[in-house]
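A quick write-up on the structure given underneath.
Just so it is clear, none of the values below were taken in a lab; they were calculated from the coordinates. Please read all numbers here as calculations on a predicted model, not as lab measurements. Because the Cβ atoms are built from the backbone with ideal geometry, glycine has one as well, and the counts that use them run over all protein chains shown.
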Amino acid sequence: MSKADWCCSGNDGNGLWYTSNYSEEDWIQGLKTLVTRYNKTKNVVGVDLRNELRQTVVNGKRLSPTWGNEHNTTDRHATAERCAKELLAVNSNLLMFIEGLDYASDLTGVVHHQVQLSATNRVVYNVYDYSWFHQGHSYKEFKSEINKR
């Protein structure tokens, strides 16, 4: 979150990595500051580039994050690569945790557009699966369905 607040809603203005008040450059610089601060801390092994990307309003315009549309200001794939490259220049040993779209529930874009970095084995794709994504099903039913797979 760019603005300290409870996460997450479609109306909090924090659904992308930039907001009406913070640019993409501000976001990257903030993460670089943290990476620099904890560079010598051995138990800091990675950085989650942004929590729960989702539809949001930026400068009065409703936007949704995309994946793999590099000519779009909402392309998570392109911005994750830009940010991760800058962070790895500070600490090449860090893992880059990159969440999916739609509250981190959708990684389908990764099939055709994987994040490419010069440092190998640094990308960790992160997906969430909340119980409310499965409305109408009890936990027991959900667990039973998962166990069948």
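Listed by chain and number, the lysines whose C-alpha is less than 23 Å from the C-alpha of Lys140, apart from same-chain residues fewer than 8 away, are Lys148. Seen against the Cα atoms of the chain and their longest principal axis, helix 24-37 is set at about 80 degrees.
What separates the Cα centres of the range 18-33 and the range 58-97 is a distance of 11 Å. To test your reading of the geometry: what angle, between 0 and 90 degrees and rounded to tens, separates the Cα axis of helix 139-148 from the longest principal axis of the chain? Helix 139-148 sits roughly 80 degrees off the main axis of the chain. Which of the residue pairs Lys40/Lys85; Lys61/Lys85; Lys3/Lys61; Lys32/Lys61 have a Cα-Cα distance greater than 26 Å in the structure shown? Check vs 26 Å cut-off fails for Lys61/Lys85; Lys32/Lys61. Straightening the chain between Arg37 and Ala4 buys 9.9 nm, computed as 0.36 nm per residue apart minus the Cα-Cα spacing. Magnitude of the charge dipole for the range 24-148, about its Cα centre and with charges confined to Cβ atoms of Lys, Arg (+1) and Asp, Glu (-1), is about 380 debye. Put a plus charge on the Cβ of each Lys and Arg, a minus charge on the Cβ of each Asp and Glu, and nothing anywhere else: the dipole of the range 8-97 about its Cα centre is then about 240 debye.
Calculate the FRET efficiency for Thr108 and Asn147 from the Cβ-Cβ distance with a Förster distance of 25 Å, rounded to the nearest 0.05. Given R0 = 25 Å and the Cβ-Cβ separation, E is 0.55.
For the ranges 7-15, 60-68, 38-46, what's the packing order if you count other beta-carbon atoms within 10 Å of each residue, average per peptide, and put the highest first?
On the way: 7-15: 16.7, 60-68: 15.0, 38-46: 10.8.
Peptide ranking by packing, descending: 7-15, 60-68, 38-46.
Only helices enter this figure: runs of n ≥ 4 DSSP H residues, each worth -39500 (n - 2.57), summed and divided by the residues of the chain, yield -8500 deg cm²/dmol at 222 nm to the nearest 500. Computed over the Cα atoms of the range 24-148, pair by distinct pair, the Kirkwood hydrodynamic radius stands at 16.1 angstrom.
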